[in-house]
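What follows is a short report on a single structure.
The values are calculated or read from the model by the stated rules, or taken from the named source; none is laboratory data. Please read these numbers as outputs of a predicted model, since none were measured by experiment. Positions of Cβ are backbone-derived with ideal geometry, glycine not excepted, and every protein chain shown enters the neighbour counts.
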Amino acid sequence: MVGEAQALMPVEQALDALLKQAEATPITDVERVSIDNAQGRVLAESLIATLDLPPWPNSAMDGYAVRSADLDGQPLRVSQKIFAGAQPKPLEPGCCARIFTGAPMPEGADAVEMQENVEVLDDGRVRFGELIRPAQHVRPQGGEARAGDEALAAGVRLGPIELGLAASLGAAQLSVTRKIRVALLSTGDELVDPGEALRPGQIYNSNRVLLRNWLHRLGCEVIDAGVVRDDLIQVRQCLAGLADVDLILSTGGVSVGEADFLGQVLREEGELTLWKLAIKPGKPLTCGSYRGVAVIGLPGNPASTLVTFGLLARPYLLRRMGATEIAPLSFQVPAGFSWGKPGKRREYLRARLESGRAVLYPNQSSSILRSAAWADGLVEVREHSQLNEGDLVSFISFAELLG
Ligand code: AMP
Ligand code: MG
């Protein structure tokens, strides 16, 4: 029997193993979806610009378009007014054009002067004061992208910004990997869904709602397999009833000492690896397969579910979907607390940013989800480390992890 310290698997090693599995079983089906429905999906083919953006030079300001070489201190006559969406006439020699932001530059004009910097004379002519540089306040054709440029690379996750960029290039549809189908099940005799009466010994099932909503945010399709009782036959039936899924994601039933029904079924009809991770909360994790379908079994305590899903299952899912960037952005913040008890496991503490410092929720129990609702994200305290107030710690915001 090896000691616990040796048996614990570092978080990186678990993540590495999961990512390898994800890379071995990528979702390869591709579908075309409307940009109105592509939120959260992963681009399967890069988006190539089919036009220059902007398609023509246009004004960055409300003001006057001029041929900069024409300016000799004499006021210029306004020969046309150009609004956004208009098609201007070429600029007449010795004239300027009234122009508004986003309006096409008239042929022959090469600069714009802001309306604040000119003097409009009583006869309508315009006097330009300062020196006007060629190209000033003009957005050049192709300044953002040239036709043929790769505007979005394959593997990019599509959020509002990427979809906005695709729209600016006129792409109405995008090629994305099909949604990964995740069967979600919660195990536990004690679990009751909200809306039902709570009998003695029972608790409401929070993980199902937490994960269901999270999976949707990640662009997954959820097959809700409901609650499975701690009973071998029920677990067997539930798994046998799942058709056409890419991942079976379960919570609960992995604590030491508990009758291990999921594990037993996986041993019979697939593969099972039980990991003891150097992570807190969330030490026990099941990883395996059932009749060829990948299985991830997360610990049941809600804060453990949250941390292990966020740090391990989320990147696994994103990688299977073909996403290139899967690591949540983290940044260093000064600790607003001290940490005097170096642990064998890496801790992910629910923390809030207050005046730029990470402040901990007073109760870090893995059974408490309220800590996470209060918090802005997770502070990472590495194995075997001690911290003084003001020391820098890594912080991962929930906004990053949940998206
Ligand atoms: P388990 O991993 O099944 O031993 O569960 C560990 C702890 O998490 C126990 O206190 C369970 O009651 C609780 N738990 C398990 N599943 C859920 C769930 N779906 N929602 C809320 N709490 C849960
Ligand atoms: Mg249980």
(Q) Among the residues that make up the stretch 202-217, is at least one of them more than 16 Å from ligand 1 (Cβ to nearest atom) and among the aliphatic types (A, V, I, L, M)? (A) no
Q.
Being within 23 Å of Pro10 (Cα to Cα) and either of a type in the set (Gly, Ala, Ser) or in contact (Cβ under 8 Å) with a residue 60 or more places away in the chain (or both) is the filter here; which residues of the stretch 336-363 pass it?
A. Gly340, Gly343, Lys344, Arg345, Arg346, Glu347, Tyr348, Ala351
Q) Can we say Gly270 is over 21 Å from Pro315 (Cβ atoms), away from ligand 2 (no atom under 11 Å from the Cβ) and touching a residue at least 24 places away in the same chain (Cβ under 8 Å)? A) yes
Q: Have a look at Leu369, Leu317 and point out the one that is on the phi < 0 side of the Ramachandran plot and either at pLDDT below 95 or assigned by the TED database to the domain that holds Thr25 (or both).
A: Leu317
Q.
Quick check on the stretch 138-151. Is at least one of its residues in a strand (DSSP E or B) and among the β-branched types (Val, Ile, Thr)?
A. yes
**Q.** Members of the stretch 89-110 found to be crowded, with 22+ Cβ neighbours inside 10 Å, assigned to a loop (DSSP other than H, G, I, E, B) and either on the phi > 0 side of the Ramachandran plot or not small (Gly, Ala, Ser) (or both), listed by number
**A.** Leu91, Met105, Pro106
Q: Give the residues of the stretch 306-331 that are without any contact (Cβ under 8 Å) to a residue 40 or more places away in the chain and buried (at least 24 other Cβ atoms within 10 Å of the Cβ), sorted by residue number.
A: Thr308
Q) Taking only pairs six or more apart or across chains, which ones have beta-carbon atoms under 7 Å, a first residue in the stretch 189-209 that is free of Cβ contacts under 8 Å to residues at least 60 places away in the same chain, and a second residue that is exposed (fewer than 10 other Cβ atoms within 10 Å of the Cβ)? A) Glu190/Gly201
Q: Just need a number here: residues in the stretch 244-267 that are more than 9 Å from ligand 1 (Cβ to nearest atom) and either at pLDDT 95 or above or crowded, with 16+ Cβ neighbours inside 10 Å (or both).
A: 13
Q: Assess whether Asn37 counts as being surrounded by fewer than 14 Cβ atoms within 10 Å (Cβ to Cβ) and of a type in the set (S, T, N, Q).
A: yes
Q: Kindly indicate which of Leu285, Leu298 is under 16 Å from Trp214 (Cβ atoms), in contact with a Phe, Trp or Tyr (Cβ under 7 Å, 6 or more places away or on another chain) and within 16 Å of ligand 2 (Cβ to nearest atom).
A: Leu298
Q) Which one of these does Ile233 not meet: (1) within 16 Å of ligand 1 (Cβ to nearest atom); (2) of a type in the set (Val, Ile, Thr); (3) free of Cβ contacts under 8 Å to residues at least 24 places away in the same chain? A) (1)
Q. Taking the stretch 152-169, which residues are within 11 Å of the chain's Cα centre (by Cα) and not in a helix (DSSP H, G or I)?
A. Val156, Arg157, Leu158, Gly159
Q) Mind checking whether some residue in the stretch 349-357 is assigned to a helix (DSSP H, G or I) and not assigned by the TED database to the domain that holds Glu45? A) no
Q.
Looking at Ala303 and the list (1) in contact (Cβ under 8 Å) with a residue 60 or more places away in the chain; (2) under 14 Å from Ser250 (Cβ atoms), which single condition is not satisfied?
A. (2)
Q) Just a yes or no: is a residue in the stretch 66-77 of a type outside the set (D, E, K, R), in contact with a Lys or Arg (Cβ under 8 Å, 6 or more places away or on another chain) and assigned to a helix (DSSP H, G or I)? A) yes
